[in-house]
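**Q** Below you'll find the structure I mean.
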Amino acid sequence: MTAPQCSAAWTRDLLEHGYCIIPDLLPPEALSSIESDLDPVFDQTPCSHGYFYGYRTKRFGSLLRRSPHAAQLVLEPTILAIVRQVLSPACDRIQLNVAQAIEIHPGEIEQFPHCDHDMWPGIKGHHEYLVNVMWPLTEFTPDNGATRIYPGTHRRKIETLDDLPQPVVAQCQPGSAICFLGSTVHGAGANRSQGIRRGIVVGYSLGWLKPYENQWLAYPPEIARTFPDELAELAGYALHRPNLGNYEGQCPSNLLKGNPVGHPQATDALRPDQEEAVEQFAQRHWCAK
Ligand SMILES: O=C(O)CCC(=O)C(=O)O
Ligand SMILES: [Fe+2]
């Protein structure tokens, strides 16, 4: 089966329950290569500050710069097909919202159950804003802080934490992909074990939103120039119609193709309905002159 074909069943699951766990999507070696690249960064990174990030949790981003193997996660074809099926009703293109490593140390308490789409203040309920994929780097167990997901909460109004159903503990091995919607309540579990829980969260959002992780600072043009086109587009080097995310009136991908000219020509990139409306308006005015 091709990625889009097998992704359709996972998308149905994801939309129905608010999450799905895809086993064995990547070989465990792919995850261990990334983990080796990130080892020194985990060592040097201090624990976070704040009850949401967690005082016994380490976090850092810019993963595509820190491990050449991280692109495999971001570009995984089944995941991209699922995310596009979920988000394309509300955007022209998806974008990378975050690629962050998360290490949960023994003694860390359970994370506040939350919906990731609450990072944006827009009205909710009409469409999804975000799909997140958690890739375990170490085994996720009920004891070591495996992500806890509250099934069905994407379709329910949760007024207080007392309204939450029993969570599903995303117990799985490196190579599995834990997918959940931006509207699904979830959070990292408490780490009551003696070992460290490591994972990578890769999130994708509607292409017209402000991304959680500032992609252009994480991957400035000299870095993004080394990416395959699809990765550079996901990392923000693409326009979203109408004219959103332009640089000097042009698609920012031009920055990755040699030296941009000094005074480029600002060029419309509109949706067909907008193109037609402005063209009709302009023609009437030209004719009237
Ligand atoms: O680490 C986890 O399992 C989940 C983390 C999370 O949901 C978050 O930081 O938003
Ligand atoms: Fe979250």
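The values are calculated or read from the model by the stated rules, or taken from the named source; none is laboratory data. Treat the numbers as computed from the prediction; the structure is a model and nothing was measured. Positions of Cβ are backbone-derived with ideal geometry, glycine not excepted, and every protein chain shown enters the neighbour counts. Areas reflect the complete protein model, heavy atoms only, side chains present, ligands, DNA and RNA absent. Shrake-Rupley method; radii C 1.70, N 1.55, O 1.52, S 1.80 Å.
**Q** Can you find, among Ser176, Ile79, Ile22, the residue sitting farthest towards the positive end of the charge dipole of the chain, where Lys and Arg contribute +1 and Asp and Glu -1 at Cβ?
**A** Highest projection toward the positive end goes to Ile79.
**Q** Could you point to the residue in Cys91, His186, Thr138 farthest towards the positive end of segment 3-213's charge dipole, with +1 and -1 charges on the Cβ of Lys/Arg and Asp/Glu respectively?
**A** Cys91
**Q** Excluding Gln173 itself, calculate the net charge of residues whose Cβ lies under 9 Å from the Cβ of Gln173, where each Lys or Arg counts +1 and each Asp or Glu counts -1.
**A** Taking every Cβ under 9 Å from that of Gln173, the sum is -2.
**Q** Okay, next question. Considering only DSSP beta bridges with both partners in segment 3-213, what is the antiparallel share in %, to the nearest 5? Don't skip to the end; give the middle numbers.
**A** Details: 36 of 37 bridges.
Roughly 95 percent of the beta bridges in segment 3-213 run antiparallel, per DSSP.
**Q** Grab the alpha carbons of the chain, take their convex hull, and tell me the volume per residue in Å³.
**A** Looking at the chain, the number lands at 160 Å³ per residue.
**Q** How would you order 221-234, 262-275 from highest to lowest mean count of nearby Cβ atoms within 10 Å?
**A** Descending packing order for the listed peptides: 221-234, 262-275.
**Q** Add -39500 (n - 2.57) for each DSSP H run of 4 or more in the chain, then divide by its residues: what number comes out at 222 nm, to the nearest 500 deg cm²/dmol?
**A** -8000 deg cm²/dmol
**Q** Please give the solvent-accessible surface of Trp10 in Å², to the nearest 10, using a probe radius of 1.4 Å with every protein chain present.
**A** Near enough 70 Å² of accessible area.
**Q** Check which residues have an amide H placed less than 5 Å from Cys172's amide H, if you skip close sequence neighbours.
**A** Phe140
**Q** In a shell of Cβ-Cβ distance under 13 Å around Ile21, excluding Ile21 itself, what net charge do Lys and Arg (+1) and Asp and Glu (-1) give? Each step should come with its number before you reach the end.
**A** On the way: positive: Arg148; negative: Asp13, Asp24.
Once all neighbours under 13 Å are counted, the net charge is -1.
**Q** Which residue, Gln283, Ile123, Ala269, has the largest displacement toward the positive end of the dipole of the chain when charges sit on each Cβ (Lys, Arg +1; Asp, Glu -1)?
**A** Sorting the options by dipole projection puts first Gln283.
**Q** Restricting to segment 130-289, what percent of DSSP beta bridges are antiparallel, rounded to 5? Write down the numbers at each step before the final one.
**A** Details: 18 of 19 bridges.
Antiparallel: roughly 95 percent of the beta bridges in segment 130-289.
**Q** Order Glu139, Glu29, most accessible first, counting only protein heavy atoms with a 1.4 angstrom probe.
**A** Numbers: Glu139 90, Glu29 115 Å².
Descending accessible area places them as Glu29, Glu139.
**Q** If you don't mind, there's one more thing I want to ask. Hey, got the dipole for the chain? About the Cα centre, +1 on K and R Cβ, -1 on D and E Cβ, debye to the nearest 20? Before the final figure, lay out the partial values.
**A** On the way: 23 positive and 32 negative charges, 87 e Å.
So the magnitude is around 420 debye.
**Q** Are any of the pairs Lys210/Lys257; Lys58/Lys257; Lys157/Lys210 more than 29 Å apart by Cα-Cα distance, and if so, which?
**A** Pairs exceeding 29 Å: Lys58/Lys257.
**Q** Of the peptides 277-284, 86-93, how do they stack up when ordered by the mean number of other Cβ atoms within 10 Å, highest first?
**A** Values: 277-284: 10.6, 86-93: 16.5.
Ranking, from highest mean packing down: 86-93, 277-284.
**Q** So, one more: Which residue, Leu63, Leu25, Leu137, has the most motion in a Gaussian network model of the chain that connects Cα atoms within less than 10 Å?
**A** Looking only at Leu63, Leu25, Leu137, the largest GNM fluctuation is found for Leu25.
**Q** Tally Lys/Arg at +1 and Asp/Glu at -1 over every other residue whose Cβ is under 15 Å from the Cβ of Gln95; what's the total?
**A** -3
**Q** Going by Cα centres, segment 89-112 and segment 1-67 are how many Å apart?
**A** After rounding, the separation between the Cα centres reads 8 Å.
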